[in-house]
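The values are calculated or read from the model by the stated rules, or taken from the named source; none is laboratory data. As the structure is a prediction and not an experimental result, all values here were calculated from the model. Quick reminder, even Gly has a Cβ in these numbers, built from the backbone with ideal geometry, and neighbours come from all protein chains shown. These area figures cover heavy atoms from the full protein model, side chains too; ligands, DNA and RNA do not enter into them. Shrake-Rupley method; radii C 1.70, N 1.55, O 1.52, S 1.80 Å.
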Amino acid sequence: MKRWTRSDAAAALLFLAPSVAGFALFYLTPFAAGVYDSFLDRPVGGRFVGLANYSELLTGGSFRKAASNTFYFTAVSVPLIIGLSLGLALLLNRKMYLRNMLRTAYVLPLVVPVASVVLIWQMLFDWNGSLNAWLNYFGLARVDWMKTEAARHVVMVIYLWKNVGYNMILFLAGLQQIPNDYYETARMEGAGRFRQFGSITLVYLTPTMFFVVIMSITGSFKIFRETYLIAGDYPHDSIYTLQHYMNNMFMTLELQKLTAAATLMAGCILLVVFALFALERRFRQFME
């Protein structure tokens, strides 16, 4: 026992104990309580009803609309942000003019308060905003950006602008870990840029790529703040997401639907994350 207390594992557990206790108290315990409440007919003194809340949830049109919009947003925005951030990282990894200034510019959205960001985007995309003023100046019709299908594209642009800098930093860190000797050897063997990118860059960026994909997927579920501040409780149907649905269920005190929707969303995220980790493990085994 004395030997174990002096080991690195004991020191690690000692430092992790406060964080683990806080995570269990403020995250795991409320989540477990929410999962339990999703099987009851009411939050106080309720009786067990099995999957009745989930069945009612899945048959509801509002939930299906919110789920489909959330899936569409994640399926489109995540590949876009991966490609954009990787391209920027490859560009800024080279010696170029104003490289440090550009790096700072892409990181600035991470430190800007959300309320300030929303105010800027409202000034741009409002009916009387700057973008419509330019359209009117060039003789084009104004667009009601937040009350038409265009609202979906506006939210995607906000998501990309807000998060591309963080992913770019991660890719830059991964790129700088790749030895230059590999590229020099590849050039001596006659490999072109595309062959070097596919056989060296992507291979050695795989761990970073998986991490960035996971962070981008979880980040796509956090777009509710910006959307809520721009469009309110009931935005256009194209940007009505699961977070809007759960927020509205909370406001109307329909806690059973709220807990069931939260459980389903958390379960879907966990399945995607586990699938990505399994895919990464298989890829590592294949590379070894």
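Proximity of backbone amide H atoms, modeled 1.01 Å from N, is registered between L40 and V49 at under 5 Å, excluding neighbours fewer than 5 places apart on the same chain. These residues, K95, K257, K222, K162, go from largest to smallest accessible area, 1.4 Å probe, as K95, K222, K257, K162. A probe of 1.4 angstrom, applied to the heavy atoms of all protein chains, finds L270 with accessible area near 90 square angstrom.
Projecting the Cα positions of M209, H236, N132 onto the charge dipole of the range 59-287 (unit charges on Cβ atoms of Lys, Arg, Asp and Glu, taken about the Cα centre) puts M209 furthest along the positive direction.
Of the whole protein surface, W161 contributes about 100 Å² of accessible area at a 1.4 Å probe radius. When +1 charges are put on Lys and Arg Cβ atoms and -1 charges on Asp and Glu Cβ atoms, the dipole computed for the chain relative to its Cα centre reaches about 680 debye. Comparing S62, P79, L119 along the charge dipole axis of the range 1-127, the residue lying farthest to the positive side is P79, per the Cβ-charge model.
Just want to confirm a number: the relative contact order over the range 12-76, from Cα pairs under 8 angstrom separated by 6+ residues, in percent.
Details: 21 pairs, mean separation 9.7, N = 65.
The value is 15 percent.
Computed from backbone phi with θ = phi - 60° and the Karplus coefficients 6.51, -1.76 and 1.60, the 3J(HN,Hα) list for the range 259-265 is 5, 5, 5, 5, 5, 5, 5 Hz; x is used for glycine and proline. Protein-only accessible surface at a 1.4 angstrom probe places the residues M249, M188 in the order M188, M249, largest first. Summing +1 for each Lys or Arg and -1 for each Asp or Glu among the other residues whose beta-carbon sits under 11 angstrom from that of E56 gives -1.
Determine the gain in length on full extension of the stretch A191-S68; use 0.36 nm per residue of separation and subtract their C-alpha separation, reporting nm with one decimal.
In short, 39.9 nm is gained.
For the chain, the fraction of 1.4 Å probe accessible surface lying on carbon and sulfur atoms is 67 percent. Taking every protein chain into account, the 1.4 Å probe leaves F31 with about 90 Å² of accessible area, to the nearest ten.
In the context of the full set of protein chains, residues of the chain present 63 Å² of accessible surface per residue (probe radius 1.4 Å, heavy atoms only). Going by accessible surface with a 1.4 Å probe and the largest first, D126, D144 read D126, D144. For the range 141-275, what relative contact order do you get, as a whole percent, if you take Cα pairs closer than 8 Å and at least 6 residues apart? This gives 29 percent for the range 141-275. The candidate values were (i) 22.6; (ii) 19.0; (iii) 18.4; the one computed from these coordinates for Kirkwood radius over Cα pairs in Å carries the label (i). Straight-line cross-link partners of K147 among the aspartates and glutamates, defined as a Cα under 12 Å from its Cα and at least 8 positions apart when in the same chain: D126, D237. Once C-alpha pairs closer than 8 Å and six or more residues apart are averaged by separation and normalised to the residue number of the chain, the relative contact order reads 28 percent.
First check a/c for the range 1-152, with a ≥ b ≥ c the square roots of the eigenvalues of its C-alpha gyration tensor; if it is under 1.5, answer rounded, and if not, answer prolate when a/b is larger than b/c or oblate otherwise.
On the way: a/c = 2.83, a/b = 1.25, b/c = 2.25.
In terms of gyration-tensor shape, oblate.
Residue by residue, the range 168-174 carries 3J(HN,Hα) couplings of 5, 4, 5, 5, 4, 4, x Hz when phi is fed to the Karplus relation 6.51 cos²θ - 1.76 cosθ + 1.60 (θ = phi - 60°); x denotes Gly or Pro.
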